[in-house]
Amino acid sequence: GAGVSQSPSNKVTEKGKDVELRCDPISGHTALYWYRQSLGQGLEFLIYFQGNSAPDKSGLPSDRFSAERTGGSVSTLTIQRTQQEDSAVYLCASSARGGTKHNEQFFGPGTRLTVL
Amino acid sequence: AQSVTQPDIHITVSEGASLELRCNYSYGATPYLFWYVQSPGQGLQLLLKYFSGDTLVQGIKGFEAEFKRSQSSFNLRKPSVHWSDAAEYFCAVSRSGGGADGLTFGKGTHLIIQP
């Protein structure tokens, strides 16, 4: 596709349930990023992948959060045992590698997660 | 650790007037700096970026920004705003300079355009 796509666009879940959020980066982009946007915390960086590996997972808010990327393309962010404070918009971005485009990140439309 | 401060939570400007949004950063080395815009219900769109070289960078939609190392600032400017510029603006710094890594964002400035 032309841009970063995310699914679902909206997700409503009950407290304690697990959710999976999906991100499909721009074709050819090697790096993929997850962020969270909430009223109280603003935009927070969660994790990034270079290829299939995630060098730094320290931005994940708790051990209930995990992410994986397979085949150097699609990534899923999983939140286990969701809590109300997990309610936010989860944004995905991707970037190409090398030259002046390095770390120029293109964002998807986000997944709005509501935990009841 | 790096940080970004956007001192103005809200700014109101008349249509046609000039605009300057402030951004200050804290980073130990040469920063990679970005400005993003987020319109209501829309995703983040990159306006411009600074990596190195000329400290005055041009972006899309008529925006420009100037990197001032002595002031640790990267302010966004536009000579004449349009009603369509009403949005949330975010300044960001790359966590570790060049290379793929997360961005640290400021809290954002909400721009209101008066007719």
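Here, each number is a calculation from the coordinates, and none is a lab measurement. No experiment lies behind these values; they were computed from the predicted model shown. Using ideal geometry, Cβ is built from the backbone for each residue, glycine included, and neighbour counts are taken over all protein chains shown.
Spatially, the stretch A:13-62 and the stretch B:44-100 are offset by 24 Å when compared through their Cα centroids. Taking all Cα pairs closer than 8 Å and separated by 6 or more residues, the relative contact order of chain A comes to 36 percent.
Apply 1/(1 + (r/R0)^6) to the Cβ-Cβ distance of B:GLN45 and A:THR13, taking R0 = 45 Å, and write down the FRET efficiency to the nearest 0.05. Can you show the working numbers first?
Details: r = 29 Å, r/R0 = 0.64.
Step by step, r from the Cβ atoms, then E = 0.95.
Across chain B, the mean sequence separation of Cα contacts (distance under 8 Å, 6 or more residues apart), normalised by length, yields a relative contact order of 37 percent.
Report the net charge of residues surrounding B:PRO115, where surrounding means a beta-carbon distance below 14 angstrom and charges are Lys +1, Arg +1, Asp -1, Glu -1. Don't skip to the answer; put the middle values down first.
Numbers: positive: none; negative: B:GLU15, B:ASP85.
Spelling it out: positives minus negatives among the neighbours equals -2.
What is the local net charge at B:GLU15, summed over the other residues whose Cβ is closer than 12 Å to its Cβ (Lys, Arg +1; Asp, Glu -1)? Show your work: numbers first, answer last.
Values: positive: B:LYS78; negative: B:ASP85.
Overall, the nearby charge balance is 0.
Placing +1 on the Cβ of every Lys and Arg and -1 on the Cβ of every Asp and Glu, with nothing else charged, gives the protein assembly as shown a dipole about its Cα centre of roughly 180 debye. Hydrodynamic radius of chain A by the Kirkwood approach over all distinct alpha-carbon pairs: 14.2 Å.
Its alpha carbons considered, the protein assembly as shown gives a radius of gyration followed by a Dmax of 17.6, 51 Å.
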